[in-house]
Amino acid sequence: MSATLAGHAETLRYRQALEANAALVARGIVSAWSVVDPADIDATLLAALPGTVAAVRLGQARAVNASADYVARFVAAETAGDPYAIGAGLVRAGVDDLPGSTVSGKPLAYVVMWARVMAKQMIGQGVPPKQALRIALASNESVGRSEAFRAAQTTVRAITTANPDQVAGWRRTPSRRACAFCLSLVTGVVGHEETTAAFHAHRNCGCTAEPAVRGVDSGTYLLSA
Ligand SMILES: [Zn+2]
């Protein structure tokens, strides 16, 4: 296997792990919401808060660890090195405080509070409570999945920034279900001078950041598997 193919295999494995992680977050939220009674949203929706926050936080933490591990494995694959030695040598800066907050920097509890406001607003407009709750729950699941992916995207970029000697930059690899917007953002390597560039992601975006290993030209490509 060429270095680049070995790297791509790591990226595919990583992507599958992230998708499974996002699904786990959504299941955790659904389970936390099982205590909510449509007949008494005021009294019961907040009971879903601790479980929802825990599910998202855990998903973010798993995504951070999977992503740090992935960068080490990817660098090892492209340089025929030892992933454990490379992982031990990589500086893991600015990633361990990612879990616990949303993209806008608010505490995760805000996600549930917002769902409560949304549900009550819909009910006020005549939407049946059961249906309003279904929509609010779907919104929470969507935020949870997105937050798990965002933790992953942010981690790869943070490790890139912290390890300029091994990692020259990152490139966007679109998800299997990538929309035209995401595909249009696949432009090649974002180098160190630009590593503060935002990773544009819409709700439920499963695109990932792939390290560009210094000295290895992997080019730009689209993953289709
Ligand atoms: Zn995307």
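Here are the numbers for this structure:
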{"item": "Residue check, Gly87 over 20 Å from His200 (Cα atoms) and assigned to a loop (DSSP other than H, G, I, E, B)", "result": "no"}
{"item": "From Ala39, Ala54, Ala63, residue being in a helix (DSSP H, G or I), surrounded by fewer than 16 Cβ atoms within 10 Å (Cβ to Cβ), in contact (Cβ under 8 Å) with a residue 24 or more places away in the chain and touching a Pro at 6+ places or on another chain (Cβ under 9 Å)", "result": "Ala39"}
{"item": "Residues located in the stretch 136-175, provided they are in a helix (DSSP H, G or I), charged (D, E, K, R) and touching a Leu at 6+ places or on another chain (Cβ under 7 Å)", "result": "none"}
{"item": "Tally of residues being of a type outside the set (Val, Ile, Thr), within 15 Å of the chain's Cα centre (by Cα) and either surrounded by 13 or more Cβ atoms within 10 Å (Cβ to Cβ) or modelled with pLDDT of 90 or more (or both) across the stretch 97-107", "result": "4"}
{"item": "Number of the exception - Arg134 against (1) in contact with a strand residue (DSSP E or B) (Cβ under 8 Å, 6 or more places away or on another chain); (2) free of Cβ contacts under 8 Å to residues at least 12 places away in the same chain", "result": "(1)"}
{"item": "Verdict on Val167 being of a type in the set (A, V, I, L, M), buried (at least 19 other Cβ atoms within 10 Å of the Cβ) and over 15 Å from the mean Cα position of the chain (by Cα)", "result": "yes"}
{"item": "In the stretch 173-188, residue farthest from the ligand (Cβ to nearest atom) [restricted to those that are polar (S, T, N, Q) and either touching a helix residue (DSSP H, G or I) at 6+ places or on another chain (Cβ under 6 Å) or closer than 15 Å to Leu18 by Cα (or both)]", "result": "Thr173"}
{"item": "Near pairs, Cβ below 6 angstrom, 6+ apart or cross-chain, from the stretch 171-197 (more than 18 Å from Thr4 (Cβ to Cβ)) to any residue that is surrounded by 18 or more Cβ atoms within 10 Å (Cβ to Cβ) and at pLDDT below 80", "result": "Ala197/Val190"}
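The values are calculated or read from the model by the stated rules, or taken from the named source; none is laboratory data. What you are looking at is a predicted structure, and each value in this text was computed from that prediction instead of being measured. Methodologically, a virtual Cβ is constructed for each residue, glycine included, from the backbone with ideal geometry; neighbour enumeration extends over all protein chains shown.
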